[in-house]
Structures are given as structure tokens and as C-alpha cells.
Number of protein chains: 2
Amino acid sequence: MKYCSQCGSTVDLQVPAGDNMPRHVCSRCGEIHYINPKVVVGCVPQWRDQVLLCRRAIEPRYGLWTLPAGFLERDETTIEGAARETLEEACARVAIKDLYALYNLPHINQVYVMFLAELAAPEFSPGPESLDVRLCREDEIPWEQIAFPVVEQTLRDYFEDRRRGRFQVRTGDIRRLPGQGRAFEVRLLGQ
Amino acid sequence: MKYCSQCGSTVDLQVPAGDNMPRHVCSRCGEIHYINPKVVVGCVPQWRDQVLLCRRAIEPRYGLWTLPAGFLERDETTIEGAARETLEEACARVAIKDLYALYNLPHINQVYVMFLAELAAPEFSPGPESLDVRLCREDEIPWEQIAFPVVEQTLRDYFEDRRRGRFQVRTGDIRRLPGQGRAFEVRLLGQ
């Protein structure tokens, strides 16, 4: 951030009175600009013993598989956002049933909120951001081609919970480990 | 938003290619500026049969009581943020135990994430944003002087769950009803 979005003047990094962190503060109008983490909302859309996966038609992770998810918009709830993303990416209508997971991704300043959902009918097709959309049983999940660690973790949680017959809300942190590869650490709260 | 925070030129509201909502787009550099809801993180700090409440020394709702909570910062997790807010507002150290509630407040573009927490010791004092900090049993909660509906709802959930001996993650929406008074509707997911 270099300029004030309210008056167009330059901003400086300084700690405002009563604050304890440096913020972007306008040199002319004094407006304080906060930069906050973003919420990503999505769901596990279920149909009988299958879940709906989308193959990404956009970067990052073009061509890999994911659960429907995307940035929460203004004026909507996380519940509405998760259903909207499923409609946009998979042209599928879902009923959002329960909160399922909240994962922190502090290295990219995102908070993922995932719900359990049920497809109203086995009707779906790729939206503009998807190359393909498929219903997969557990043994059909393309584990080696999952786009994001938070999606892989949510799917592993889901099938583990389904085997034991009880769904439990999960929360924790997923951090990228230092180094050049794509290595991540998953730490669940309370473990 | 009137000016581009990257180059200082004016922004226009337009629907970018591949998008379906109007965004603030820079007239010179083309940067798209998204405005997203913010995450508020907090906790129910427990000590035996009491919970820790703070009396607000800042607007909005100056002088009313609340649970420790505030905006999630960059580079931190919701778990870290909830503990930090408790330290800042109540000078109290807590261990965050479990996710407890996720409430959507779409009328003010906030998502509240509340945790169950335990005080390390009954040691606390007002931080700069608090007039007073107190441990309250259920019959000592100042129900008529609670600052925010989401805090009242979380406290009611908490004491209800404690009576039945089982804590259950809650999620739902809290919306301000049209009109001049402070009337709110609480709708839990699945009810």
C-alpha cells in the first residue's frame, strides 16, 4: 500500500496513538488503513457415499482438484458464501448442514471455513473456473492431485469421521514449512 | 474507496473480466481492489465456575461489558489472536482449548470466531481498552449491560452448555433488524 484510498496522498508506516503495531497512515487526511486476513468459505458437498470435487481451470494450481471454495464477499454470511461458491464452480445447489472445519493459514493470511453440505440432486457441471467436476467415492479421490493442503486435510478428516460415524468440527493451523518444496505442517487445536 | 492504493489514481466501479460483481478498479494501473469482511477473534476465558468479562473503555458501546475480542491481525492465527486480545484487554493469560462459535454479522461485514479458553491463574487487570475486568458466575453476568448481541449469545450458549455438561460448537447468523432500535435476529444453522 503506497497511497491513501480516501484522498490519494501518500501513506507512511507508523504506530497510531493507542495502537501497538505499525499501520499505513495517510500523510494528509490521517486515515488509518488496516490490512486484515481474508476468509475463504467452502464446503464438502455430499451425495450418498460420494463428494463433489472440482478440477481447477485457474491459477494457482491449475488442473488440480479441490473442494468448492472462495473468498467471502461483502454482505454475505459464510453459509451463503459456501453455497454461492459451489454454485459458481460446480453449478451445483447444496444445502449447508453444519460447520465442519476452521483452518488458519497464517503464511498467506487466510482463514478457511468449511461446511458439510448436501447436494439437492446429483446435478452439476463445470463453472467458468473449473475444467471438470466429479462425484468421487473415497477410493476415487485423486489424493496426489489435490490443489491445496487445507482441502486434502478436510477430505481426510471427512472420510475418517464418516468411517467412525461421527462428524466433529476441526480447527487448527496449516503452515508452509521453510524451504523450497511444498511441505506443510498441520496442527490441530488440542493435539 | 476513491483512489488506488498502489498508484494513487482514481478508481472506478466496474465488473472485471471473469467476475460477476462490481469492484473498485484503478483507471490507470488496472489494479482490482477487493473489499472483504473482517474476522473478529475472541474467547470465553473460564476460571472454575466463572468467566472473565471486560467493561469497555472505548466506543462503540463505551461502559458496557464484553468478552475479550478484536480484529484478527496479519500473520496470526485465530487461536493466537484470541489469546492476544485477552492479554491486551484483560492483562490475562489464557490457554485456548476449543473452537466454540462462529457467528456471521453480515450487516457489519464481520465474522466472529469465539473459542473456549482457560485462565492460567485468576490474575487480570484492565488493559488500555477496558475500564474494569471481572470474573462473573452466571448469576453475576450483567445481562442488561452486555455490549454486543454476539457476546450475549455466546454467553447464553456457554451457560446452557455448561448446565447440560456438553459444549457444542455453534454457528449461525446475527442480523440487525430494520428499524431504529437495537433489535437483532439470531438464527443458528440447522434450526
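For residue A:143, the distances from its label point to the matching points in the remaining copies are 5.1 nm, ordered from shortest, with each point set 7 Å beyond Cα toward Cβ. Among the lysines, which have Cα under 24 Å from the Cα of residue B:2 when same-chain residues fewer than 8 positions away are ignored? Qualifying lysines at Cα under 24 Å: A:2, A:38, B:38. Residues of region A:126-169 with an amide N closer than 14 Å to a point placed 7 Å from the Cα of residue A:48 along the Cα-to-Cβ direction: A:135-138. Short to long, the 5 Å bins of the Cα pair-distance histogram for chain B hold 1, 8, 14, 17, 17, 13, 9, 8, 6, 4, 2, 0, 0 percent of all pairs. For chain B, the residue among B:4, B:94, B:70 whose Cα projects farthest onto the positive side of the dipole built from Cβ charges is B:4. Is the shape of the protein assembly as shown best called rounded, prolate or oblate, per the rule: a/c under 1.5 gives rounded, else a/b larger than b/c gives prolate, else oblate, with a ≥ b ≥ c the square roots of the Cα gyration tensor eigenvalues? Oblate, because a/c is 1.5 or more while a/b does not exceed b/c.
Computed about its Cα centre, the charge dipole of the protein assembly as shown is approximately 80 debye, with only Lys, Arg, Asp and Glu carrying charge at their Cβ. Applying 1/(1 + (r/R0)^6) with r as the Cβ-Cβ distance of residue A:1 and residue B:27 and R0 = 22 angstrom yields a FRET efficiency of 0.75.
At a Förster distance of 35 Å, what's the computed FRET efficiency of residue A:131 paired with residue A:34, Cβ-Cβ distance as r, to 0.05?
That pair, residue A:131 with residue A:34, gives E of 0.40.
Sorted from nearest, the other copies put their residue B:120 label points 5.2 nm away, the label point being 7 Å from Cα in the direction of Cβ. For a paramagnetic label modelled on residue B:110 (point 7 Å from Cα along Cα→Cβ), amide N atoms under 11 Å away belong, within region B:59-78, to B:60-61, B:67, B:69-72. Each Lys and Arg adds +1 at its Cβ and each Asp and Glu adds -1 at its Cβ; summed about the Cα centre, chain B shows a dipole of about 380 debye. A cut-off under 10 angstrom between Cβ atoms defines the neighbours of residue B:68, and their net charge, with Lys, Arg +1 and Asp, Glu -1, is -3.
Grab the other residues whose beta carbon is less than 13 angstrom from that of residue B:95, score K and R as +1, D and E as -1, and report the net. With Lys, Arg at +1 and Asp, Glu at -1, the net is -1. Between residue B:62 and residue A:138, the C-beta separation translates, for a Förster distance of 56 Å, into a calculated FRET efficiency of about 0.55.
Sorted shortest first, the distances from the residue B:87 label point to those of the same residue in the other copies are 4.3 nm; each point sits 7 Å from Cα along Cα-to-Cβ. Does region B:112-191 come out rounded, prolate or oblate by the C-alpha gyration tensor, with a ≥ b ≥ c the root eigenvalues, rounded set by a/c under 1.5 and, if not, prolate when a/b is larger than b/c and oblate if not? Oblate shape, in that a/c is at least 1.5 and b/c is the bigger or equal ratio.
Simple point charges give the picture: +1 on the Cβ of Lys and Arg, -1 on the Cβ of Asp and Glu, and for region B:85-191 a dipole about the Cα centre of about 460 debye.
Here, each number is a calculation from the coordinates, and none is a lab measurement. Source: prediction; values computed, not measured. Positions of Cβ are backbone-derived with ideal geometry, glycine not excepted, and every protein chain shown enters the neighbour counts.
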